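Each remark here refers to the structure printed beneath this line.
The values are calculated or read from the model by the stated rules, or taken from the named source; none is laboratory data. The structure displayed is predicted, hence computed values, not measured ones. Cβ sites come from the backbone with ideal geometry, for glycine too, and all protein chains shown count toward neighbours.
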Amino acid sequence: MSFADNLKHIRESKSLSQQKLAEKLGVAQSTVGMWESNKRTPKLAELNRMARVLNITIARLLGQSKDKKVEILKNEIYVDGEKVCELDATDVEGILSYISEIKDKKGALPRTPPSGMQSSAKKILIIDDEQEICEMLYSFLIPHNYKVFLAFNGQMGLEYFEEIKPDIVLLDLKMPDIDGLEVLKIIRKVSTVPVIIITGNPQDVSDIHLADLDIEGFIEKPISLQAVLNSLKYLIGE
């Protein structure tokens, strides 16, 4: 299910009209209409606000895996009734501290996790107008301890890039609003972050070299998930 269809389904399941949801989000009804007709993609801040208003996770909003039931009992963590053996009491205290800090800031995530939590997960920004590819990569990479952010067009990708400061970018070359070459040119003006190109035509990569723009390589469509994972491990680790 696409993001547009998923948003409409969730809104209707909450018995909200487009107008009512728009009022809760502080946007025009036409904006919600464009999201649901796939004519516009929301920014990261808008996705966060939607998730809070609809009381769901961003992953579910994007049509990813269903929410899991998480319980903390006697310094042990259970997910869907199964104990998470990899975590100990120190991790539990860190999670509780993190939750407390979030509540204190009224829903705003702290800039860095508290000392009891690991914060080593690398941030991956995927910029590709093919939503199916984005969602496939999201579902594949999350279990490998990467923080994955999705952008479905060049403009959205640049806004996310500035906001999240990713450790690596996976960038499609062919996009309708701002093509990947222009996105790369803008990124290279401010950052040397590793960039891997996603393309259906490897010959297009020659344009990048002609423009004297640094990239770490390219992955050809149809995408090999293992090739993506191997590249990430090589460039930024697990």
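Structure summary
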{"item": "Unique residue being more than 27 Å from Lys39 (Cα to Cα) and buried (at least 16 other Cβ atoms within 10 Å of the Cβ) when the list is Leu213, Leu229, Leu181", "result": "Leu229"}
{"item": "Residue that is nearest to the chain's Cα centre (by Cα) [pool: residues in the range 10-39 that are in a helix (DSSP H, G or I) and polar (S, T, N, Q)]", "result": "Thr31"}
{"item": "Of residues in the range 40-70 being modelled with pLDDT under 65 and of a type outside the set (S, T, N, Q), the one nearest to the chain's Cα centre (by Cα)", "result": "Ala59"}
{"item": "Failed item in (1) crowded, with 17+ Cβ neighbours inside 10 Å; (2) modelled with pLDDT under 90; (3) under 19 Å from the mean Cα position of the chain (by Cα), with Glu159 passing the rest", "result": "(1)"}
